[in-house]
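K.L.:
One structure coming up, written as structure tokens, with questions to follow.
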Amino acid sequence: MIYPITAYGDPVLKEPAADIARDFPNLKELVEDMYTTMYHAHGVGLAAPQISKSIRLFVIDSEPMMDDKDQGKGVKKAFINPEIIEEDGEEWGFEEGCLSIPGVREVVYRPERIVIRYFDEEWNEHEDTYDGMNARVIQHEYDHVEGILFTDHLNGLKKRLIKNKLAKITKGEVDADYKMKFPSLAKKR
């Protein structure tokens, strides 16, 4: 199943998500549907809040973000109830975008290395270290389950410069080649 992507402005994107219990219904199916939705929208990560589910779950496939020297070093994985327990290294900037905020891309600075504890869809617990682009993709999706968007990392001037674009997204005035759910359109129904 392909879910519509929840657009900027929906409150679900700004609230911290809840942990998932081991008996969460149809978890494996949801994870597969999230991968299908992510690939359909040409994304490299998708968090449950982006499909209007306020739960601590995200999936990534960072392989498309790898450059020639990094080919084969991408990560395809589901993260359930994740907790970043360490971030370190020099902060580096990279232009990020988001499926919930189509047409907006800005440079975001993030630490180069993270240690994250999480469960996979088989409920195996992991504590892994990631760096570089893998760490960035994970940090971006992790922010979603914390109720943080990449635009929250921008300075005041950058936020003012994209304010009109963000307002248009909430109204559904945006071109995206995937199905989206817009907060202002839902209120009118």
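K.L.:
Counting other C-beta atoms within 10 Å, and keeping those with at most 15, which DSSP coil GluC sites (Glu not before Pro) do you find in the stretch 49-141?
P.N.:
Working: sites: E83, E86, E87, E90, E91, E95, E96, E106, E112, E121, E122, E125, E127, E141; in loops: E121, E122.
Here the GluC sites (Glu not before Pro) that fit, given the DSSP loop and packing criteria, are E122.
K.L.:
Give the cross-link partners of K28 among the lysines, using a straight C-alpha distance below 21 Å as the criterion and excluding same-chain residues fewer than 8 apart.
P.N.:
K53, K76, K77
K.L.:
Would you list, by chain and number, the lysines whose Cα falls below 25 Å from the Cα of K163, excluding same-chain residues fewer than 8 positions away?
P.N.:
Within reach: K14, K171, K179, K181, K187, K188.
K.L.:
Carbon-plus-sulfur fraction of the accessible area of the chain, 1.4 Å probe, in percent? The partial results should precede the final answer.
P.N.:
Working: 4680 of 9780 Å².
Carbon and sulfur together cover 48 percent of it.
K.L.:
Rank these by accessible area, largest first, 1.4 Å probe: S100, S54. Walk me through the intermediate numbers first.
P.N.:
On the way: S100 0, S54 40 Å².
Most to least solvent-accessible, the answer reads S54, S100.
K.L.:
If you don't mind, there's one more thing I want to ask. Where both residues lie in the chain, what percent of DSSP beta bridges are antiparallel, nearest 5? Working shown, then result.
P.N.:
Details: 27 of 30 bridges.
If we restrict to bridges inside the chain, about 90 percent are antiparallel.
K.L.:
Taking the Cα centre of the stretch 102-189 as origin and charging only Cβ (+1 Lys, Arg; -1 Asp, Glu), how large is the dipole, in debye to the nearest 20? Provide the component values of the computation, followed by the final result.
P.N.:
Working: 17 positive and 16 negative charges, 246 e Å.
For the stretch 102-189, the charge dipole is close to 1180 debye.
K.L.:
Evaluate the distance, in nm, between pseudo-label points positioned 7 Å from the Cα of R117 and of D88 along their respective Cα→Cβ axes.
P.N.:
1.7
K.L.:
Treating only the Cβ atoms of Lys and Arg (+1) and Asp and Glu (-1) as charged, compute the dipole magnitude of the chain about its Cα centre; round to the nearest 20 debye.
P.N.:
On the way: 26 positive and 36 negative charges, 299 e Å.
Charge dipole, the chain, about its Cα centre: 1440 debye, nearest 20.
The values are calculated or read from the model by the stated rules, or taken from the named source; none is laboratory data. A quick note: this is a predicted structure, and the numbers were derived from the prediction, not measured. All Cβ positions, even for glycine, are placed from backbone atoms using ideal geometry, and neighbour counts span all protein chains on display. Note: areas computed on protein heavy atoms with side chains; ligands, DNA, RNA excluded. Shrake-Rupley method; radii C 1.70, N 1.55, O 1.52, S 1.80 Å.
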